[in-house]
Amino acid sequence: MKPPVYRHLRGYSLDPGFSTKLDTAGVNEVLYRVPFEEVQPGPCGEYLEIVDFDPPSGCWYEPVDLSHEAVASQQGLTPSEGNPQFHQQFVYAVAMKTIRHFETALGRKIVWNPRRIETTSARGRVQIQREYVQQLRIYPHALRDANAYYDPDKTALLFGYFAAADQYYGLNYPGGLVFTCLSPDIVAHEVTHAILDSIHHRYIEDTNPDVPAFHEGFADIVALLQRFTFRALVEDRLYAAGGRMDQQTFVLGELATQFGEALRGNRGALRNMIGREDDEGYWRPLAPSPADYANAIEPHDRGAVLVATIFDAFQRIYAFRTRDLLRIATNGTGVLPKGNISRDLVGRLASEAADIAEHLLHICIRALDYSPPNDITFGSYLRALITADIDIAPEDENGYRVALIEAFRARGIFPDRVNTLSVESLLWQAPGFTKSEEKALDLIANHLKNDIRDLVETADRKQLAQFSERAQAKLHDMLVGKQQMLRPADWERFLSKLGLTSRPVADLFGRQGAGVKFLTNGADPDGYIPPIEVHTVRPAFRAGREGRQVEQVVVTLTQRVDTNLGSDDDVRPMVFRGGCSLILSFGDLNRVEYVIVNNIKSFNRYQEQVAYMNGDTGTPLAVSPYADDQRPARLQFNLLHQSEV
């Protein structure tokens, strides 16, 4: 007998507190449909291991067995705030749903970022080894604190629980326990951090204000759009809001409502994308401003601008796609009357909203493959969004790209080095390669064909990681053995098109870099050439809105230089990176479709990073959360999330 395709598990569509409100109780308990797999008690499966140890209480909670007849026969345990086994079931369900969205959008399996193991040799040299991680560990009751975070060193998610403030506000019982692992928004947010780290590990390096904001904002985008996949919930909330999304009763534009209301100070939802109460207590819809992006510096504030931008695009597409329905329902006026509207109309509107949300979510996820490998900005992400969607849906019959451009422009978010905001200008391009460079690409492609074929033919995630590392090593050896392909001057021009260099660091920035203090671990800066790193080689098979199939290979190449921002006596090291994301045609590996570059030789980008790290003024990248302390320039998610409380 064949195993089922899906496992259905009961859970919350919103926070648990919505089950205690009459108008939302009926839609807050839903079925999560996740890919079926054989799981051990925990649950423990292919991707996830739920480990339920509660350090503050010093106890282990009995793991839930989803395969037990009593559990499986009723589609999982009944939602309950007081049952630790349901907590385990719920984080598993939300995490697996999130993983499924990423794998569908990216066209490949998720492989967690390897764990870094430090060892010391007999001679005292520290060596870093990369250890394959089969399962992301999730601790539902890891801390007694109003916090939840991704720990990249442990490759784990840690969720806290805490006592709500002793005040009457919103959905909480004053002084009652609030479990972050029961908020689908928080769970999806943290899982997204882990997945994003596995795709772009260098995004964990804090090099400009957009980097921590992107990690936070992108995780919220996934959580926000994912909830629209519950059509009954969307239909119910649209009916309550009279078919409009800019009303307080719509609710679906809020994130982590119960968590935010449990904190002292009556702050309401942790983030709200459609409106908020003014100083007089009146709820007002949010209106975009060109100053939104420039004025938001703190990571969560700036991340919220990105989320509001994507949600604004969602609302614009929704209005565009449903305008004919509204004209039919209103005898041509297109303006809905106040009060309740037809259930049939609401059903059609909800269906459109759910479809748009899922398409937009997948565009946002796919855009990660079209983003630079490090030092991301919101402007470069806009270009990635446009390119990712053009690749999958060339016609754009429903205006997704125009809506995204409008929404980014409305908040003052613009990319660098483009002449206009037209789709054609925003589209990433491939540089023009010379005939000798094309021959070099042919040589590389022929050398990697068997490894790419192995990557395509295996479904085992551990083998995927192994085959990818083998392909990375082969490509690295070829790039190091450049003499076989091009003459030195031609090789430098070729690398420059990929954001890389063959120059020694002393010549990296030319005359502009005369005052830069390079750290070369004792080597002569006039002879030290930064090594090329091959981070990823991964195939992608995607299907789009228009039935288009896209088969590609994604390769990321980087280099790093280390510099000293301090004095010779007080060294303050800074890592500066450059490189590119290469999008190759799977059917013709020597054909480069796109090159997304952050050039290692860009002195302007180097200066901006220095200014950000120093906390200098007079630059748009001037405010660093690490300017006045000794924390490393690497995102610390436990501290980043703690700053919200």
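The values are calculated or read from the model by the stated rules, or taken from the named source; none is laboratory data. This is a predicted model, so every value here is computed, not measured. For neighbour counting, all protein chains shown are included, and Cβ atoms are generated from backbone atoms with ideal geometry for every residue, glycine included. Heads up: the accessible areas ignore ligands, DNA and RNA and are worked out on the full protein's heavy atoms, side chains in. Shrake-Rupley method; radii C 1.70, N 1.55, O 1.52, S 1.80 Å.
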### Task
Residues being open to solvent by 10 Å² or more (accessible area, probe 1.4 Å) and in contact with a helix residue (DSSP H, G or I) (Cβ under 9 Å, 6 or more places away or on another chain): count how many of those fall in the stretch 384-400.
5
#### Entry: Boolean, L464 is of a type in the set (A, V, I, L, M), open to solvent by less than 50 Å² (accessible area, probe 1.4 Å) and in contact with a helix residue (DSSP H, G or I) (Cβ under 8 Å, 6 or more places away or on another chain)
yes
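Residue by residue, here is whether (1) assigned to a loop (DSSP other than H, G, I, E, B); (2) crowded, with 17+ Cβ neighbours inside 10 Å; (3) not acidic (D, E) holds:
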{"site": "G499", "(1), (2), (3)": "yes, yes, yes"}
{"site": "Q512", "(1), (2), (3)": "no, no, yes"}
{"site": "N521", "(1), (2), (3)": "yes, no, yes"}
{"site": "D524", "(1), (2), (3)": "yes, no, no"}
{"site": "I529", "(1), (2), (3)": "yes, no, yes"}
{"site": "A540", "(1), (2), (3)": "no, yes, yes"}
{"site": "Q552", "(1), (2), (3)": "no, yes, yes"}
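Residues checked against (1) in contact with a Leu (Cβ under 9 Å, 6 or more places away or on another chain); (2) of a type outside the set (D, E, K, R); (3) under 30 Å from H362 (Cα atoms); (4) modelled with pLDDT under 95:
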site	(1), (2), (3), (4)
S73	no, yes, no, yes
T98	no, yes, yes, no
H101	yes, yes, yes, no
R108	yes, no, yes, yes
R115	no, no, yes, yes
V126	no, yes, no, yes
### Candidates D145, D153, D185 - the one that is closer than 26 Å to P63 by Cα and under 16 Å from the mean Cα position of the chain (by Cα)
D185
### Task
Take R548 and decide whether it is farther than 22 Å from P372 by Cβ, under 28 Å from the mean Cα position of the chain (by Cα) and of a type in the set (K, R).
yes
### Summary
Per the list (1) open to solvent by 10 Å² or more (accessible area, probe 1.4 Å); (2) in a helix (DSSP H, G or I), residue check on C181 breaks on (1)
### Query
How many residues are at pLDDT 90 or above and under 23 Å from A350 (Cβ atoms) if we restrict to the stretch 280-322?
15
### Test: A122 is of a type in the set (G, A, S) and open to solvent by 60 Å² or more (accessible area, probe 1.4 Å)
yes
### Any pair with Cβ under 7 angstrom, 6 or more apart, that starts in the stretch 171-198 at a residue that is acidic (D, E) and ends at one that is assigned to a helix (DSSP H, G or I)
D185/A223; D197/I204
### Task
Kindly indicate whether any position in the stretch 334-344 is touching a helix residue (DSSP H, G or I) at 6+ places or on another chain (Cβ under 6 Å) and surrounded by 17 or more Cβ atoms within 10 Å (Cβ to Cβ).
no
### Query
Within the stretch 629-645, is there a residue that is assigned to a helix (DSSP H, G or I), open to solvent by 50 Å² or more (accessible area, probe 1.4 Å), aliphatic (A, V, I, L, M) and at pLDDT below 90?
yes
### Message
Filter the stretch 43-60 down to the residues that are in a loop (DSSP other than H, G, I, E, B), open to solvent by less than 60 Å² (accessible area, probe 1.4 Å), modelled with pLDDT of 95 or more and out of contact with any Leu (no Cβ under 8 Å at 6 or more places or on another chain) and list them by number.
### Response
G45, V51, D52
### Query
Out of curiosity, is A93 under 19 Å from V39 (Cα atoms), of a type in the set (G, A, S) and surrounded by 15 or more Cβ atoms within 10 Å (Cβ to Cβ)?
yes
